[in-house]
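One structure is given below, encoded as structure tokens.
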Amino acid sequence: MIGAIIVVYNPDLALTERLLTRVYSQTEHVVIVDNSPKAHDFSKVIEHYEYMHFPANLGIAAAHNHGLRYLLSIGCEYGLLLDQDSQITTDFVFRLSSLMMASKSLKQDIAAIGPSISCSFTHKTERSLIQREVFEYEELVGVTQIIASGMLIDLGFLDQIGFKDEKLFIDGVDHEWCWRARDMGLQIAKAKKIEMVHRLGDSRSKFIGVTYKVGSPIRLYYQFRNILLLSRRSYVPLYWKVRCLGLIPVRFFLNSTMQQNRLDRIRYMFYGLVDGLKGISGSYATNRR
């Protein structure tokens, strides 16, 4: 039995409703976890669903965990995680779950499978320049991490791996869980022939010919802080630590000189670095009130 968890926060209703329509016809159970200040009613789009509303915004990790615990409580074997701005095909769940079940029958310890990601800004399939492939088997490629949206999790492994790390709140939550799973001898895979359109960041900018993602100012707090927090953990890949730590000065420069809301961005980056060095986790609202 497959259940889907869709996390929403002040969603674009047209996009979210289209996603819900697709998911509803492909899974046995749908859980909507709403971190928005104001509740939303999706009953005109889908008939049966579990709705959880957290107006204080618990973060993506806690939202996933509430949904995962609910799916476990009703006996689901697999859980599909989706963001509000992802777009899936009509056979997306069937194809992804077929790969998961086939790998399980071959006794491959795959904890999660995700699709190839097509960025809605560039309309190109995202390809990592430094993430190494761990294995390749027919339609699957073993990787070190995948993003949360589109991730199909074998819920039977949660007792071993644990749930998402709520102390991170957002940013790096999906990758940390994958690294933890791999540290326990399990595999993370990406489907070579299954693609999902997803929005990566809020916009794009260019600097000396290089295009880079731009997010909201407050996300910089979590990104900078969580790089410092995760870099202390032994199971986090060395290439990720070197790359992310090395890019901190570059990102600080670009966000403080090339973007709007520069003072806000500088403040969030500064506090992220301070709290990261101090080992402070949790939400910005709690840490800085």
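Here are the numbers for the structure shown:
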| quantity | calculated |
| --- | --- |
| Percent antiparallel among DSSP beta bridges (both partners in the chain, rounded to 5) | 45 |
| Folded to 0 to 90 degrees: helix 92-105 orientation relative to the chain principal axis, Cα | 80 |
| The stretch 29-129 shape via C-alpha gyration tensor axes, a/c threshold 1.5 | oblate |
| Cα-based shape type of the stretch 243-289, given that a ≥ b ≥ c are square roots of the gyration tensor eigenvalues and the cut on a/c is 1.5 | oblate |
| Estimated inter-spin distance, ALA14 and LYS104, nm [label 7 Å along Cα→Cβ] | 3.8 |
| For the chain, calculated [θ]222 nm from helices alone, where every DSSP H run of n ≥ 4 adds -39500 (n - 2.57) | -12000 deg cm²/dmol |
| Fraction of accessible area attributable to carbon and sulfur, the chain (%, probe 1.4 Å) | 54 |
| Residue-wise HN-Hα coupling along the stretch 52-59, computed from phi with Karplus coefficients 6.51, -1.76, 1.60 (Hz; x: Gly, Pro) | 10, 10, 10, x, 7, 6, 7, x |
| Protection-proxy order for peptides 278-285, 145-152, each taking the mean of Cβ atoms within 10 Å per residue, highest first | 145-152, 278-285 |
| Packing-based ranking, highest mean first, of 245-258, 13-26 given that Cβ atoms within 10 Å are counted | 13-26, 245-258 |
| Percent RCO, i.e. relative contact order, over the chain, from Cα pairs under 8 Å lying at least 6 residues apart | 17 |
| Accessible solvent surface per residue of the stretch 1-82, calculated while the other protein chains remain in place, 1.4 angstrom probe, Å² | 44 |
| Pairs from LYS104/LYS192; LYS167/LYS190; LYS164/LYS190; LYS107/LYS192; LYS44/LYS213 whose Cα-Cα separation, in the structure shown, is over 23 Å | LYS167/LYS190; LYS44/LYS213 |
| Gaussian network model of the chain, springs between alpha carbon atoms under 10 Å - residue of VAL45, VAL236, VAL93 with greatest fluctuation | VAL45 |
| Size of charge dipole - the chain - debye, nearest 20, with Cβ of Lys, Arg +1 and Asp, Glu -1, no other charges | 1360 |
| Near-label residues of the stretch 150-176 by backbone N, under 14 Å of a point 7 Å along Cα→Cβ of ILE218 | 169-171 |
| Nearest-0.05 FRET efficiency for ASN261 and ASP159, computed from C-beta distance (R0 35 Å) | 0.20 |
| Spin-label model distance (nm) - TYR51 vs PHE270, 7 Å beyond Cα toward Cβ | 4.2 |
| Neighbourhood net charge (9 Å Cβ-Cβ; Lys/Arg +1, Asp/Glu -1) for TYR51 | -3 |
| Fully extended contour minus Cα-Cα distance, from ILE74 to LYS241, at 0.36 nm per residue | 56.3 nm |
| More than 25 angstrom apart: percent of Cα pairs within the chain | 48 |
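The values are calculated or read from the model by the stated rules, or taken from the named source; none is laboratory data. Just so it is clear, the structure is predicted and the values come from calculations on it, not from any experiment. Virtual Cβ from ideal backbone geometry, glycine too; neighbours counted across all protein chains shown. Heavy atoms of the whole protein, side chains included, go into the accessibility calculation; ligands, DNA and RNA do not. Shrake-Rupley method; radii C 1.70, N 1.55, O 1.52, S 1.80 Å.
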